[in-house]
Protein chains: 2
Amino acid sequence: MQEKPELDFPRPLTTVDVVIFAIRSDALQVLLVQRPKAESEPFPGAWALPGGFVDIAGDRDLEACAVRRLKAKTGVVSPYLEQLGSWGSATRDPRGWSATHAYFALLPEHTAGGALAGDAQWFAVEGEKVRPKLAFDHAEILQAAVLRLRNKVEYTSLPAYLMPQEFTLPELQRTYEIVLDRPLEKSAFRTRMLAADLIEPVAKMRKGPNRPAQLYRLKKAKAPVFFTRTFNPPG
Amino acid sequence: MQEKPELDFPRPLTTVDVVIFAIRSDALQVLLVQRPKAESEPFPGAWALPGGFVDIAGDRDLEACAVRRLKAKTGVVSPYLEQLGSWGSATRDPRGWSATHAYFALLPEHTAGGALAGDAQWFAVEGEKVRPKLAFDHAEILQAAVLRLRNKVEYTSLPAYLMPQEFTLPELQRTYEIVLDRPLEKSAFRTRMLAADLIEPVAKMRKGPNRPAQLYRLKKAKAPVFFTRTFNPPG
DNA sequence: ATACTTAGTTGTACAGTCCAACTAACTTAG
DNA sequence: CTAAGTTAGTTGGACTGTACAACTAAGTAT
């Protein structure tokens, strides 16, 4: 009989991965990193979600680890960040039983052009996928992230976090439409957004080749707004 | 330079916990287990969520581990089970950096009286809490589970999983009201449920001291239904 | 029979989306 | 200066589903 209950049984590998979304070139894009090409690494040279092992000396908690990964690849410090779920199994990593804690982040449009790590690159989301074949089960995680995002966009103000600091209502609507991949009604969209305690006009207009549009900004420190209906009966 | 990248750095402890809900005595209840009383254990004698370490030899994946834990404490094999999220930090377990993958389950009413493990007991959920002080950060996990459940009940058919095989619409409405902790409108509730492709009448009535009520059952293998509105503007 | 209770229905009001047509403000071409 | 084209923004009616309240239906108990 031992003093302490046994703790030296084998433990799964523990990682954190972040699905980082931004609007670029009028499309929903996701940031991927290329894995090292050494043959000793799993999935050498493949594209993968940014992430890696939890550093039990340096990371206070899971979210701190996600924030660290996000900052390392994008330089962005406090975007919208939400836990997505976890994936763990005996087979997802050839090195052994492993579990990953997945997060997803929404970057405002202007930050998405900033300081990128050298191994990182943006990819357009097509359907719920991305062109290259991803390492591990990252395609599945990405799909879950896209589905979660699309679903929440139906009844929340999440796309506001993808906008630059100042934006017009047609621009915001366009972002909704990009994420949902379907057109929305202009007047219903405006009614919904303006009724919510979400945005406020600034004393400027966006000028273009035709009628100028009112510029708005997010009310400060705004948590996402939840609406009580979805848009279109999506059926 | 080594052949393989290092993998022998310290790894966090990895556990799975399950928040198991059922309706008992006209109230929302949650199943807790008492921790061993040996002083060598963390939180000796305290109540905790059912769960424990992932067994990398026996558990194929996280969900299998959750199902195993659920079956061990309740005997139930395939109730509604949903991933809730994960909690990991340096301080949540005195034994060291630890991460738990939390699930929540909804048990149908009749199974909730069945074969309970000896160390397990049902507790009424009051607000988002339970009377006894819980081990680890389990109070926080329980709160997250209750909030998630309440929130989803506004626009899904989740409470149907808490019902016995056959039930009446007033009984289903009562379950909604217990979870939400507020009354709902009878006619709107009936309209919503009957319009959904969710339940079907059986050729029986529930008899009581007054007018009998039509009995229904879930249509087979029904995934939860999502409605496009919430109930009451909950404001 | 009458009162009481719960099941279930009916009808009106209301909120917010859907749809379509309209007005407003700007640029560019003649 | 005017007309055409484009996008911003508004307006009004149809429709859907909830809120609210009053009603009918079917049983028990007295």
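Of the residues in the range B:181-198, at least one is more than 14 Å from chain A (Cβ to nearest Cβ) and under 19 Å from the mean Cα position of the chain (by Cα). Evaluated against (1) more than 20 Å from B:Ala27 (Cα to Cα); (2) not in a loop (DSSP other than H, G, I, E, B), B:Ala105 falls short on exactly one condition, (1). Considering the range A:86-124, the residues that are of a type in the set (A, V, I, L, M, F, W, C) and at pLDDT below 95 include one that is surrounded by the fewest Cβ atoms within 10 Å (Cβ to Cβ), namely A:Ala115. Scanning the range B:146-157 for residues being assigned to a helix (DSSP H, G or I) and either open to solvent by 10 Å² or more (accessible area, probe 1.4 Å) or away from DNA strand D (no atom under 15 Å from the Cβ) (or both) gives a total of 7.
Hey, among the residues in the range B:209-233 that are basic (Lys, Arg) and touching a Phe, Trp or Tyr at 6+ places or on another chain (Cβ under 8 Å), which one's farthest from the other protein chains (Cβ to nearest Cβ)? Write out each step before concluding.
Residues of the range B:209-233 that are basic (Lys, Arg), as a first pass: B:211, B:217, B:219-220, B:222, B:229.
Retained after the next criterion (residues that are touching a Phe, Trp or Tyr at 6+ places or on another chain (Cβ under 8 Å)): B:217, B:229.
Numbers: B:Arg217: 25, B:Arg229: 5 Å.
Only one residue tops the list, namely B:Arg217.
From the list A:Thr168, A:Thr175, the lone residue that is within 13 Å of DNA strand D (Cβ to nearest atom), assigned by TED's automatic domain parsing to the domain that holds A:Gln214 and closer than 22 Å to A:Val19 by Cβ is A:Thr175. Within the range A:125-138, can one find any residue that is more than 16 Å from DNA strand C (Cβ to nearest atom) and of a type in the set (Gly, Ala, Ser)? There is at least one residue in the range A:125-138 that is more than 16 Å from DNA strand C (Cβ to nearest atom) and of a type in the set (Gly, Ala, Ser). Screening A:Val179 on (1) loosely packed, with under 15 Cβ neighbours inside 10 Å; (2) touching a Lys or Arg at 6+ places or on another chain (Cβ under 9 Å); (3) within 16 Å of A:Pro108 (Cα to Cα) shows it passes everything except condition (1).
The values are calculated or read from the model by the stated rules, or taken from the named source; none is laboratory data. Only a predicted model underlies this, so the values are computations on that prediction, with no experimental measurement involved. When we count neighbours, we look across all protein chains shown, and the Cβ atoms used for this are built from the backbone with ideal geometry, even at glycine. Calculation scope for accessible area: heavy atoms of the full protein, side chains included, ligands and nucleic acids excluded. Shrake-Rupley method; radii C 1.70, N 1.55, O 1.52, S 1.80 Å.
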